[in-house]
Structures are given as structure tokens and as C-alpha cells.
Amino acid sequence: MTTKTMEQRIDALLVGAIDPHVHSGPSIAPRGIDHLELLRQASAAGFAAVVTKDHDYSGVTTAALINNHFSDLPTRLYSSIVLNNVVGGFNPYAVEHTAAMGGKVVWLPTLAAENHLRWEKTSNWVHPASTQKMRPARGIPVLNADKTVRDDVKEVLDIVAKNDMVLASGHLHVSETWAVFEEAKRRGVNRLTLTHPEDIVDASLNDVRGIAAMGAFVEHSLCMFIEGSKFKTRNADDLKRLIDAAGVEQTVMCSDLGQTGTLGPIEGFRRGIRMCIDLGYVDADIRKMVSTNTARMLGIETDVDAAMMRHEALP
């Protein structure tokens, strides 16, 4: 296959793609791209939607403002909330506000997850704002001493269920994710996502198989696999093992990009698709993992339909 043919194949797979995990700015941490520029680049590539994620605020009001004033950009911008210290952890008011403003994803604690704080001590990573601009994160527990789910977590799970939002595992240890996801299912949460099992959360392939079998999607951060990313910790063979463990039908891809000093989100998707092609996945399966599975996860199938129709209408 010539380089031109490969690039055309990647271009076609980007049409209708969805990035459900982008760290665009503004943010207290340095960002290489802001939400509006992200939307412009995604629209130029034919993406159906993107979902912004900030560790410290709910981006739903910004998303509404940009969508209203830049309706000529065809990609739909959504946002989310991460239950870290700045929003009050398991704050039901903040989650209800995010839901009321059209937010799609509720992330369990990330930088304030007790597991993350343990992991950070043994890694070379530190949140660039945690000591420069604000006090260090304080751990937010999700389980009681007897390993049952805390009541404040249950209250948030009920809000997620009522509003049919996605519950994403964030940076919890996988053992905590199992407990919270099982409780979430009992309380009527239908949209569950395991966040980057390839790093931080200490998930095994058996965890991936089991959590996918319970109906959760497994989201892979392409930035942790692709060449040129400063966050690369895994290789293509690792990605294949993870995809095969969950199955194509339960796998979604995200860039997890937007930071400074590394690839942009769209280029991250291009390289991730190229990696999947090189691994031997057929286009139909790649489209599921970068588009239609994610649309099912978020409940926005019509966005993909609209993106494909626009592409077909092009001269």
C-alpha cells in the first residue's frame, strides 16, 4: 500500500470519529490547544464529536457557548466533570449542574484518587499546577473501611443513572472500579467506561475481560501507545492484547491529548488509526473503535450519522 493510499484510508476513518477524552484548555495546567481550536481542527478532519475533560472544572458552560456561537463548525463539542477536589469531590450539586447543561461524562476522581496519589509517588509524573498554583491534591475515598461503596458516591451514582450519563473510572485502582461499577449497575447506571487500563489503574487483562463482560466500554488512551507522544508507556502489541481482551465491540479509543510539548489530539488519532491498521484490524472494526462504539457509549449516534452524511455530500 502506498503512503498516499494509507493516508487516504486514515482520512476516511477520521470522518465520523469521536474523541471522548481531550485535555484542551483553558486549564490551570499548560495546554497546547484550546477548546475552540480543537473544534476547528476536528471539524476540518470530519469528526462527529469531541468531549473535553479538565481535571479541575466542568466544561459544560464553555461547550454551550462555543456550540452556540460557532454553529458553522460541524463537529459537536461536549464536556464532562471530574470529581476532584476543586469541584468538591462527590458533590451532587456539581454533577446535577453538569447533567442539566448537557454534560456527557462523570469521571470518578483522577488526580485526587487515592490510587493516583500512591502511583504518583513512584512515577516521574506530577501535575504541573499542583504545587505551583494550588495546594496539593487531597485523596478522595470511594470505599468504606469494609470495602463497600460510600454513601456520597452512591448519591452521585443515582444522579448519573437518572440522567443516563457515562460513569468513567478515572484513576481509581481497578479493585475500586470493580466495586463502584457493580454498585452503579445495581443502581441503574447503564453507561460505564474503564479508563486507560494500560496505565495508572493497575488493571490486568483479566480485569479488562471481566469489566467488558459486565457491559462496560474499555477506553484506551492513544497517547500511551503512539510514537512521538511524551506519554508513551506501551507498544502496539500491548494495544492488541488489550483490544482482544475486551473485544472490538466494547473498545473505544481516545487521544487523551491536548497538553503542551507533545502531539495534538487529531494527529494522535491519525497515528492511532495507523497503528490499528498495522496491527491488521479491518476498517469496519477500526471505525467501531474510533466512532460508532463511542457514539453508543455516549448516546450520540445521530452525530455520527450527520458527519457521514456531510462527507457523502461533498463534491
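Brief remarks follow.
- Within region 66-104, the set of residues being more than 29 Å from Asp305 (Cβ to Cβ) and of a type in the set (Asp, Glu) comprises just one member, Glu96.
- Residue that is over 22 Å from His55 (Cβ atoms), surrounded by fewer than 16 Cβ atoms within 10 Å (Cβ to Cβ) and of a type in the set (A, V, I, L, M), where the choices are Ala161, Ala179, Ala145: Ala145
- Test result for Asp305, outside any loop (DSSP other than H, G, I, E, B) and either surrounded by 17 or more Cβ atoms within 10 Å (Cβ to Cβ) or in contact (Cβ under 8 Å) with a residue 12 or more places away in the chain (or both): no
- Filtered residues of region 200-228 (kept if without any contact (Cβ under 8 Å) to a residue 40 or more places away in the chain, surrounded by fewer than 20 Cβ atoms within 10 Å (Cβ to Cβ) and not in a helix (DSSP H, G or I)): Ser204, Met214, Gly215
- Tally of residues being part of a loop (DSSP other than H, G, I, E, B) and either of a type outside the set (A, V, I, L, M) or modelled with pLDDT of 95 or more (or both) across region 12-38: 10
- Of the residues making up region 106-153, those that are under 22 Å from His21 (Cβ atoms) and among the small types (Gly, Ala, Ser) are Ala112, Ala113, Ser123, Ala129, Ser130, Ala137.
The values are calculated or read from the model by the stated rules, or taken from the named source; none is laboratory data. This structure is a prediction, so every number in the text was calculated from the model and none was measured. Every residue, glycine as well, gets a Cβ built from its backbone with ideal geometry; the counts of neighbours run over all protein chains shown.
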